[in-house]
Amino acid sequence: MTETAIEFVDVVKRYGSATAVDRISFSIARGELVTFLGPSGCGKTTSLRLIAGLELPSEGQVKIAGRDVSRDPASERNVGMVFQSYALFPHMTVLENVAYGPTIRGVAKAEARDRAHAILDQVGLAGLEARLPSELSGGQQQRVAVARAIVQQPDVLLFDEPLSNVDAKLRRKVRAEIRDLQQRFGLTAVYVTHDQEEALAVSDRIVVMKMGQIAQIGTPAELYERPASAFVADFIGDANLIEGRVEAGKFHAAHLALPIGAESGKVTATIRPERIRLAPGGIATILSASYLGSRMEYVVQDEDLEFLVSRPISEPRLTAGDKVDLQIDPADLILVR
Amino acid sequence: MARISLTSDRAGAAWLGLLALSLTALPWYKGAGLLAGPAASALAEALSGRGWFWPLIAAALALGAVALTRGWQVSRLALGLTLAAAFLYVWQGFAVGLRGPSSDWVGGVFARAAEGQTGLGWGGFLAGVALVGLLSDLVAARGFCRGERFASFCITAIVALLTTFVFFPILKLGLAAFVDTEGNLALATFWARLSAPDLWGVACFTGGGRCGVVVNTVVLGVLSATLATALGLALALLVNRTDFRMKRALRAISILPIITPPFVVGVAIILLFGRTGLVTGFVADLMEVRPTRWVYGLPGILIAQVLAFAPVTFLVLLSTLEAINPTLEEASRTLGARAMTTFRTVTWPLLRPGLAAAFLLAFIESLADFGNPIVLGGGYEVLSVKIFFAVVGARYDLGNAATLAMILLALTLIAFWLQMRWMGKKSYVTVTGKSDAGLAAPLPPILKIGVLAVVLPWVLFTLAVYIIIAVGGFVTDVGRWDLTPTLGHLSTAFRFEFAETGLELYGSAWDSMITTLWVAGIAAPLTTLVGILTAWLVARQDFAGRRAFEFGTMLSFAIPGTVVGVSYVAAFNVPPVDITGTAAILIICFIFRNMPVGMRAGLAALAQIDKSMEEASQTMGAGGGTTLRRVVLPLIRPAVFTALVYSFVTAMTAVSAVIFLVSARHNMATAYIMGRVEAGEYALAIAYSAVLMIVMILCVVVIQFLVGTRKLGRRQELQGRTAAEPAE
């Protein structure tokens, strides 16, 4: 029986006539890392701020550790938050930054400093306590921000696009650090990002959002392999969306005819680019071939449809104009709404 | 987490406790010392027959009962009862005036109302505070300000203060315009006052006689604003678009008018251009003409105002020029336009919004100006001076003063509205946040000559005026070119001796100087506090009615000082808040006159600071107050410094509002100087002004030392770096 750390019940957040979050409900278990993923303006950051208490819901309830905190301001919730800009206090040293929270909450000064030292040790910043934030590298600043957020053992740790200010090359390392830290301390964490690759890499579960509503909730594998809608399929990874029709247990589109267990009628199906195989000689034409180092990417035309196909670099290369045959395993075809 | 819900209960309960205390244990009326205690409390007064307290006491009791229930802070009943109590609190103050009940039914119900009542004392004051606190707590519990109690309290308190000290007096003054000398409603009297020929006459244009005072005021305002804008533009072009060497000196000169006490520039102009003035005499000898009194009236006021307002327009236009992206002018040049064509077709159109803003600013200042017209006006009457004489002169007529004040206010608000509308539109600011490559195009040579032709006479003239101010107080008679050094004037004002009893101050100016320093010293930090707090609320808190709140605070800035002064006379001469004649009214007046400047400084500084730092502080458990103190204030110290200095200096040199509010016990330096000018004691006035300026400069240095701006450069840099580019 897992314990519920965070729960949203029919939460609505309006700004004037605009609705940022439109009646969403979900719950997050203790120790879980959940990502809010979606395009900008989908309500993911607002949802995070609703958990933090930086926004209060217009309707519905926000519960943390079983307690309804819908009307409590941020200062009265036990949350830690890592901001996109880190938001380190530039006029305080690293130690003062980390000891700020405990001091505010009434911990004696010496004790607060001890705790700050201990946490800084844990995140590998021992020896930098007396520096000002401006004297640290970006990665170090980020670790200070994390240390500052977890020093008070929060009920939940919130990340607002924490990697957007990190060098592209470092991102992989930093996100592994975050994941490692979250596991080591057994923290419940909520993570906001618009980068689907980042979301897939760090999350236990992902909440995909669209226009203030939840499009789908699931583990990374579930979302990738069983997207519930064309939107999710398209947003997570690359996907071919194929408009077709089902007749007599077969899916028809262009010259494809694949067995499928579905009722007759018009449908949309998706298939991942790497699930399509190409055999030389056929009626489809390669429109373009791009060399991407680790793989080849082809755009293939079959009658009025275009397919994006991704093949390992080890396979024989094809070039634009080549005739190919599209081979699709019916099991890889997913019908979506 | 139990601790937290306890504190929220405690906050509401504490305000309720204060309410109970103020109603039962403290003297309600002013005059009674704190020691009078419960015997003079509202409860005791109610028991002894002053029954108009009962409704308020009943509401407070009901609130106490509701507070015993669980979750009372979010109940509609508690909110309703608090609003009712607030209404009854205000009602009891106005139901019974100084000399009796304000309406017949109140007199009928409460017999003792006939005795009247005096103003609020400790009990009355704290009851108001408690109600504001309670209200803020209850609305915060319902989600106002995201449930942030501190912010909620600040907003409620500032709204209550603005209502009491800005809008209530104006309302009261507006009502006074419709009332005759007996206090009865008299629309006919109002109409007679409003349509009086000495207000609207235009005879001066047709050649026969004088114009009305309203026409005079507008003509002066338009001329003054036009000339000040032209001069400001010339200065701005010189600084921004030429290789002129003395830029720093120009900037320094432009600060002078801010620390120059009123009247003294007028006096210097009289000493230069009056009938026996230095320049007048020189020109008369040279040209063999009879010296005249030409400077008194429109020309004199105009000269003084242009001198005073040019620095303001200069700063506005300088920032406009600096905001023009040089690449636009470069584009024009590469397309083949000559320098003059580029200026005419690119630079000038981009400048227009700035010109309009500068013009309206100077126009509003000219409308509000009191010091120059009263010294140099002669027979040329303007509204601010006429209002003054309607209240302070021999013919006391508050109704007439109120009518004139309403006209002046209407003119100002129209200009203010135009300004807001103009600023509200997307101005042609071409700053993109990217660094602009290229240098501003230098001014075409013809324009440069024109600009110098305007600026150099101005520099000479300013120098002449300030030389008069610098030496006038310390020579026998600068007006007759008797330059024998003397400390006589200074000694009249500031003589002191070390007697056996200690330091003895004999000079006639000591009283007003000491009062001025005290009042300015108390007002400055309070003004800064209210101003910065308001800026923080507007910039950082998201609450219902934020725009109205912002507009209200800005509006209070637009009200001319003369109108504020006369409205305070109208509102605070009588209970429930009768504070005329005290030092408090001076301090309060300064706080609400100058607070918008602190607010602007604060807004500008806050715009530079990443909001998420405050949010970080909140998520770490700090409430609004702690966040403000430990995170925000350290980061906006330059703005705090600016606000402190400005409010201090303005309090030292302000005249238009205080002139109505000074009393024999609490006289201000500017009022004293005005008295000396009226008596023709110019040298004394100049000596005092010079001392005042030196004192101000010293105080600014002390403030700078106390607030400490030394480390700031580095901090700003740090902040910029962490927020903008946390690169690895």
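The values are calculated or read from the model by the stated rules, or taken from the named source; none is laboratory data. No experiment lies behind these values; they were computed from the predicted model shown. Quick reminder, even Gly has a Cβ in these numbers, built from the backbone with ideal geometry, and neighbours come from all protein chains shown.
Residues that are under 21 Å from B:ALA669 (Cβ atoms) and free of Cβ contacts under 8 Å to residues at least 12 places away in the same chain: does the range B:583-596 have at least one? Checked against the condition, which is being under 21 Å from B:ALA669 (Cβ atoms) and free of Cβ contacts under 8 Å to residues at least 12 places away in the same chain, the range B:583-596 yields at least one hit.
Do we have any residue at all in the range B:311-322 that's out of contact with any helix residue (DSSP H, G or I) (no Cβ under 8 Å at 6 or more places or on another chain), surrounded by fewer than 20 Cβ atoms within 10 Å (Cβ to Cβ) and of a type in the set (Ser, Thr, Tyr)? No: zero hits.
Please tell me if B:ALA284 is over 27 Å from B:THR347 (Cβ atoms), modelled with pLDDT under 85, assigned by TED's automatic domain parsing to the domain that holds B:ILE374 and among the aliphatic types (A, V, I, L, M). Yes: the conditions hold for B:ALA284. Within the range A:113-122, the set of residues being in contact with a Lys or Arg (Cβ under 9 Å, 6 or more places away or on another chain) and either within 10 Å of chain B (Cβ to nearest Cβ) or among the small types (Gly, Ala, Ser) (or both) comprises A:ALA116 only. Residue check: is B:LEU586 surrounded by 23 or more Cβ atoms within 10 Å (Cβ to Cβ) and modelled with pLDDT of 90 or more? Answer is yes for this residue. Among the residues making up the range B:205-214, those that are among the hydrophobic types (A, V, I, L, M, F, W, C) and without any contact (Cβ under 8 Å) to a residue 12 or more places away in the chain are B:PHE205, B:CYS211. Can you run down the residue pairs with Cβ atoms below 8 Å, 6 or more apart or on separate chains, where the first is in the range A:123-142 and away from chain B (no Cβ under 11 Å) and the partner is surrounded by fewer than 18 Cβ atoms within 10 Å (Cβ to Cβ) and in a helix (DSSP H, G or I)? From residues that are away from chain B (no Cβ under 11 Å), the pairs are A:ALA126/A:HIS117; A:GLU129/A:HIS117. Taking residues in the range B:179-190 that are closer than 14 Å to B:ALA570 by Cα, and partners anywhere that are modelled with pLDDT of 75 or more and assigned to a strand (DSSP E or B), the pairs with Cβ atoms closer than 7 Å and at least 6 places apart or on different chains are B:VAL179/B:LEU185. Being touching a residue at least 40 places away in the same chain (Cβ under 8 Å), out of contact with any Phe, Trp or Tyr (no Cβ under 9 Å at 6 or more places or on another chain), among the basic types (Lys, Arg) and within 14 Å of chain A (Cβ to nearest Cβ) is a condition met by no residue of the range B:619-636. A:ALA52 meets all of the listed conditions (1) crowded, with 18+ Cβ neighbours inside 10 Å; (2) more than 30 Å from B:GLN608 (Cβ to Cβ) but one, namely (2). Applying the criterion of being more than 29 Å from the chain's Cα centre (by Cα) and at the interface with another protein chain (Cβ under 7 Å from one of its Cβ atoms) to the residues of the range A:51-107, the residue that is nearest to A:ILE6 (Cα to Cα) is A:ARG105. Can you say whether B:GLY625 is assigned to a helix (DSSP H, G or I), under 23 Å from A:GLN152 (Cα atoms) and modelled with pLDDT under 90, as far as the supplied structure shows? Here the answer is yes, as B:GLY625 does meet what is asked. Filtering the range A:183-194 to residues that are surrounded by 14 or more Cβ atoms within 10 Å (Cβ to Cβ) and assigned to a helix (DSSP H, G or I) leaves only A:PHE185.
Looking across the range B:308-367 at every residue that is hydroxyl-bearing (Ser, Thr, Tyr) and within 27 Å of the chain's Cα centre (by Cα), the one that is farthest from B:ALA236 (Cα to Cα) is identified as B:SER366. The set of residues in the range B:124-144 being more than 28 Å from the chain's Cα centre (by Cα) and either of a type in the set (Val, Ile, Thr) or within 14 Å of chain A (Cβ to nearest Cβ) (or both) consists of B:ASP137, B:LEU138, B:VAL139, B:ALA140, B:ALA141, B:ARG142, B:GLY143, B:PHE144. In the set B:ALA268, B:ALA310, only one residue is modelled with pLDDT of 80 or more and touching a Pro at 6+ places or on another chain (Cβ under 9 Å); that residue is B:ALA310.
Being more than 14 Å from every other protein chain (Cβ to nearest Cβ), not hydrophobic (A, V, I, L, M, F, W, C) and not in a helix (DSSP H, G or I) is true of B:ARG665. Taken over the range A:161-182, residues that are buried (at least 18 other Cβ atoms within 10 Å of the Cβ) and either free of Cβ contacts under 8 Å to residues at least 12 places away in the same chain or more than 8 Å from chain B (Cβ to nearest Cβ) (or both) amount to 8.
Just one of the numbered conditions (1) more than 30 Å from A:GLU96 (Cα to Cα); (2) more than 25 Å from the chain's Cα centre (by Cα); (3) crowded, with 19+ Cβ neighbours inside 10 Å; (4) among the charged types (D, E, K, R) is not true of B:GLU614: (1).
In the range B:46-61, the residue that is surrounded by the fewest Cβ atoms within 10 Å (Cβ to Cβ) out of those that are in contact with a helix residue (DSSP H, G or I) (Cβ under 6 Å, 6 or more places away or on another chain) and more than 10 Å from B:ALA85 (Cα to Cα) is B:GLY49.
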